[in-house]
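The structure under discussion appears below in the form of structure tokens.
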């Protein structure tokens with residue numbers, strides 16, 4: 001019991017450390033430099049070599065900026081909204097495996113924080129709680145634009161959540177389990193799920209962008225639309241919290257995508273074991289996730305923004321039927337034995 | 001350890017349930033309901049139903065209550081006004097009724113669970129695979145009926161809540177947010 | 001985790017009963033239509049806890065499956081009920097159930 005607690009605490013500390021200390025500053029820099037590169041301009045290059053210290057400067061700025069609360073804002077809800085953005089995003093990593101099973105002093109330690117059998121469901125459940133920050137931020141700001149932005153954003157999120165969930169279900173059928181290490185093991189012995197389920201992956205990818213309010217689906221927080229949408233009235237540290245929450249949820253969904261479709265922490269023909277395998281596995285996982293994050297930034301400056309009605313139409317009339325057809329196809333294929341799966 | 005978790009989340013669930021039924025602002029009541037639902041999800045996991053617990057958060061707290069919040073914000077429902085006459089008596093009667101209900105039920109429950117023990121929680125009981133097998137074989141008819149029910153609900157909600165087809169001539173000048181905003 | 005529960009199931013059932021009672025008190029007391037609705041959801045959840053509790057006690061999975069159906073029915077009811085609220089609000093501009101009294105004598 002003691003041992004379990006310590007092991008779990010260590011794993012949590014590792015993952016949280018990667019998320020909080022790693023994702024936000026690195027992504028800030030990557031986003032700005034890569035956007036600049038795509039737009040043929042230098043980007044931040046004055047602070048430190050290649051502008052690497054820019055993140056620190058931004059953090060200092062956020063911390064010292066004056067904290068303004070709008071008059072007539074619903075105080076408790078207003079203060080709660082940024083926290084509600086971070087909490088679901090930060091808790092979803094518990095079901096992602098990041099390495100092979102380790103043996104420490106005679107006991108097997110699976111490298112995953114939560115060994116519950118309902119793994120992916122827990123991920124989906126926790127990420128569906130992210131809607132609340134949008135709604136409460138929009139409502140509590142005492143600002144009609146924020147309210148509209150918040151309602152639109154949450155409608156977008158719950159619509160695309162459906163397509164996401166159905167796509168995830170299809171990816172789980174061959175592995176036959178909600179527990180992600182099983183899915184990873186399946187992909188190691190057979191094939192990366194993205195190859196037979198390319199359509200499902202496409203649906204998941206598009207839904208992923210919509211779930212994190214990233215271009216081309218960022219109408220609710222776009223600058224030329226409802227000012228800044230649901231987080232118009234949030235300044236300084238609170239805005240930084242929303243910002244961080246967005247990056248962290250991007251990372252979390254990318255981790256899920258990598259684990260479900262791209263083999264997670266495993267490499268195609270290499271069998272990783274032991275402590276060295278664990279370190280390599282973690283590196284592999286982070287490498288794949290960073291490719292996804294680069295893709296996020298790449299898409300941001302490539303496509304124009306969807307108008308709200310186009311967005312909803314895409315979610316309900318295109319993605320959801322496609323995801324359901326994909327699920328049907330995978331189910332039939334598994335039963336017919338074409339899919340090397342549970343059957 | 002389990003008892004500690006149970007007590008903590010039971011207290012949270014009861015406290016937020018009281019907030020749900022007493023708080024003046026409906027938005028706060030709804031957020032308290034979310035807290036209650038979350039605590040109940042923990043209860044479900046303690047009772048050996050992690051699948052139901054995850055579904056509770058995913059469906060109930062993540063979708064149904066969001067729907068409540070949507071409607072609250074679109075209709076801009078304000079807080080309940082001050083008490084009307086007869087309200088206090090009304091409240092005491094309701095409280096008495098609820099108290100009598102609990103008073104009658106609790107001894108019954110204790111007597112019902114007297115002899116039996118909860119038994120061992122096996123892997124098989126918790127497994128989602130067995131749950132699914134039951135759902136799709138033994139309870140297939142009920143499953144299909146519920147699916148039909150959901151379809152009917154979708155159609156009904158759409159029909160009931162949409163804008164009336166033809167606006168009468170001389171429509172009111174002020175429009176509520178509901179008819180303007182079509183999210 | 002294969003160990004007998006250290007929390008007797010009757011505790012869960014008592015929790016369910018208390019929640020149900022709170023829900024009843026709320027449904028009878030609140031004037032806001034949405035408030036009544038929330039109390040009803042509370043009652044449904046209390047029933048869910050009781051069902052899962054009995055399922056655990058008897059070692060049968062039937063209770064859990066019933067909970068699934070209760071959740072689906074609650075979702076359907078919430079959707080239609082809220083649609084009704086929207087329709088009523090359009091006509092009468094209020095959700096206060098004391099004022100929605102067209103059917104009273």
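The values are calculated or read from the model by the stated rules, or taken from the named source; none is laboratory data. Given the structure is predicted, the values throughout are model-derived calculations rather than measurements. Cβ coordinates were reconstructed from backbone atoms using ideal geometry, including for glycine residues, and neighbour counts include every protein chain displayed.
Among the residues of segment A:170-192, the ones that are within 12 Å of chain B (Cβ to nearest Cβ) and either within 16 Å of the chain's Cα centre (by Cα) or outside any loop (DSSP other than H, G, I, E, B) (or both) come to 2 in all. Scanning segment A:170-188 for residues that are closer than 14 Å to residue A:256 by Cα and surrounded by fewer than 20 Cβ atoms within 10 Å (Cβ to Cβ) gives a single hit, A:182.
Out of A:30, A:60, one residue alone is free of Cβ contacts under 8 Å to residues at least 12 places away in the same chain, over 30 Å from residue A:7 (Cβ atoms) and in a helix (DSSP H, G or I). It is A:60. Only one entry of C:18, C:58 meets the criterion of being farther than 29 Å from residue B:159 by Cβ, within 7 Å of chain B (Cβ to nearest Cβ) and surrounded by fewer than 24 Cβ atoms within 10 Å (Cβ to Cβ), and that entry is C:18. The set of residues in segment A:89-112 being in a helix (DSSP H, G or I) and surrounded by fewer than 22 Cβ atoms within 10 Å (Cβ to Cβ) consists of A:90, A:91, A:94. Restricting attention to segment A:113-130 and to residues that are part of a loop (DSSP other than H, G, I, E, B) and more than 15 Å from the chain's Cα centre (by Cα), the residue that is surrounded by the most Cβ atoms within 10 Å (Cβ to Cβ) turns out to be A:118. Put simply, of A:84, A:28 the only residue that is under 24 Å from the mean Cα position of the chain (by Cα), surrounded by 15 or more Cβ atoms within 10 Å (Cβ to Cβ) and closer than 27 Å to residue B:49 by Cβ is A:84. Remark: residue C:83 falls outside the filter, which requires a residue to be surrounded by 19 or more Cβ atoms within 10 Å (Cβ to Cβ), modelled with pLDDT of 90 or more and within 29 Å of residue B:96 (Cα to Cα). Given the structure, is residue A:162 touching a helix residue (DSSP H, G or I) at 6+ places or on another chain (Cβ under 8 Å) and either crowded, with 18+ Cβ neighbours inside 10 Å or part of a loop (DSSP other than H, G, I, E, B) (or both)? Considered against the rule, which asks whether it is touching a helix residue (DSSP H, G or I) at 6+ places or on another chain (Cβ under 8 Å) and either crowded, with 18+ Cβ neighbours inside 10 Å or part of a loop (DSSP other than H, G, I, E, B) (or both), residue A:162 comes out as no.
Kindly indicate whether residue C:67 is surrounded by fewer than 23 Cβ atoms within 10 Å (Cβ to Cβ) and either within 7 Å of another protein chain (Cβ to nearest Cβ) or within 28 Å of residue B:160 (Cβ to Cβ) (or both). Considered against the rule, which asks whether it is surrounded by fewer than 23 Cβ atoms within 10 Å (Cβ to Cβ) and either within 7 Å of another protein chain (Cβ to nearest Cβ) or within 28 Å of residue B:160 (Cβ to Cβ) (or both), residue C:67 comes out as no.
The rows are residues; the columns are (1) closer than 27 Å to residue A:135 by Cα; (2) in a helix (DSSP H, G or I); (3) out of contact with any strand residue (DSSP E or B) (no Cβ under 7 Å at 6 or more places or on another chain).
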site: A:34; (1), (2), (3): no, yes, yes
site: A:41; (1), (2), (3): no, no, yes
site: A:50; (1), (2), (3): no, yes, yes
site: A:56; (1), (2), (3): no, yes, yes
site: A:67; (1), (2), (3): yes, no, yes
site: A:71; (1), (2), (3): yes, no, yes
site: A:76; (1), (2), (3): yes, yes, yes
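With the condition kept exactly as written, say whether any residue in segment A:105-116 is closer than 22 Å to residue B:126 by Cβ, at pLDDT 90 or above and out of contact with any strand residue (DSSP E or B) (no Cβ under 8 Å at 6 or more places or on another chain). For segment A:105-116, residues closer than 22 Å to residue B:126 by Cβ, at pLDDT 90 or above and out of contact with any strand residue (DSSP E or B) (no Cβ under 8 Å at 6 or more places or on another chain): absent. The number of residues in segment C:70-87 being in contact (Cβ under 8 Å) with a residue 40 or more places away in the chain and either over 26 Å from residue B:36 (Cα atoms) or within 7 Å of chain B (Cβ to nearest Cβ) (or both) comes to 3.
In this entry, residue C:43 is excluded by the filter for residues that are at the interface with chain B (Cβ under 7 Å from one of its Cβ atoms) and within 15 Å of the chain's Cα centre (by Cα).
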